[in-house]
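> Structure in structure tokens, see below.
Just so it is clear, none of the values below were taken in a lab; they were calculated from the coordinates. Because the structure is a prediction, the values reported are computed rather than measured. Glycine gets a Cβ as well: all are built from the backbone with ideal geometry, and neighbour counts include every protein chain shown.
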Amino acid sequence: MGDPETENRWPERARQAVAAIEDFMAALNARDDAGLYDLLHLPHVRVSGAGVAIWHDRAELEATYLSDFYARAGPDWHHTILDSTEVLHSSEHKVHVLIQFTRCDAAGAAIATYRSLWIMTCMDGHWGAQARSSFAP
């Protein structure tokens, strides 16, 4: 088993990775498609209870990513709240973050709450989500 002292030596990198997750949620809620896509590193992988989805390039993201999300989130989804983040491991170029988020309707009522593991990577000085795994639809 790894030593937590050596697996989390990069607190500034961890902060940057969490900030990218916060930016992703803000872009999602603002319906800022381009901003959201800029925060997903390619290839981007999503592992769910329904299987594995892989987006290889920006064109694939633009063609299916948000339509898939809206279908999964359901017709009542209005916005998502990032409830918590917990950095599990950090290195210079990769950070594992356990998040909890709540999907809400327009009145702010919770639709559902989920936990998800996000693998954040730094590419060319830019943090983004490389892979995510959750049981959220």
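> Which order do R9, R31, R103 fall in if you start with the one that has the fewest other Cβ atoms within 10 Å?
Working: R9 13, R31 10, R103 20.
Final ranking by Cβ density, sparse to dense: R31, R9, R103.
> Here's another thing I want to ask about it. Would you mind calculating the gained length between R15 and V52 on full extension (0.36 nm times residue separation, minus the Cα-Cα distance), in nm to one decimal?
Values: separation 37, 0.36 × 37 = 13.32 nm, distance 2.78 nm.
Roughly 10.5 nm would be gained on extension.
> Let me ask something else about it. Report the Cα centroid-to-centroid distance between segment 85-130 and segment 27-72 in angstrom, as an integer.
So the separation of the two Cα centres works out to 14 Å.
> Amide H neighbours of H41 under 5 Å, counting only residues 5+ apart in sequence or on other chains, H built in-plane at 1.01 Å?
Here A129, Q130 satisfy the definition.
> Using a 7 Å offset from Cα along Cα-Cβ at L66, what residues in segment 77-115 end up with backbone N under 15 Å from the label point?
Counting only backbone N, you get 78-80.
> Rounded to the nearest 500 deg cm²/dmol, what is the calculated helix-only ellipticity per residue at 222 nm for the chain, with -39500 (n - 2.57) per DSSP H run of length n ≥ 4?
Working: 4 runs with 37 residues, N = 137.
The helix-only estimate for the chain comes to -7500 deg cm²/dmol at 222 nm.
> When every alpha-carbon pair in segment 43-115 is counted, what percent end up more than 21 Å apart?
Working: 1110 of 2628 pairs.
Roughly 42 percent, rounded to a whole number.
> Between P43, P75, P11, find the one with the highest GNM mean-square fluctuation for the chain; connect C-alpha pairs within less than 10 Å.
Result for the chain, Cα springs under 10 Å: P75 fluctuates most.
> Using alpha carbons only, how many degrees (0 to 90, rounded to 10) separate the axis of helix 11-30 from the longest principal axis of the chain?
It works out to around 10 degrees.
> Quick one, which of (i) 9.9; (ii) 7.4; (iii) 8.4 is the actual mean projected area of the Cα convex hull in nm² calculated for this model?
(iii)
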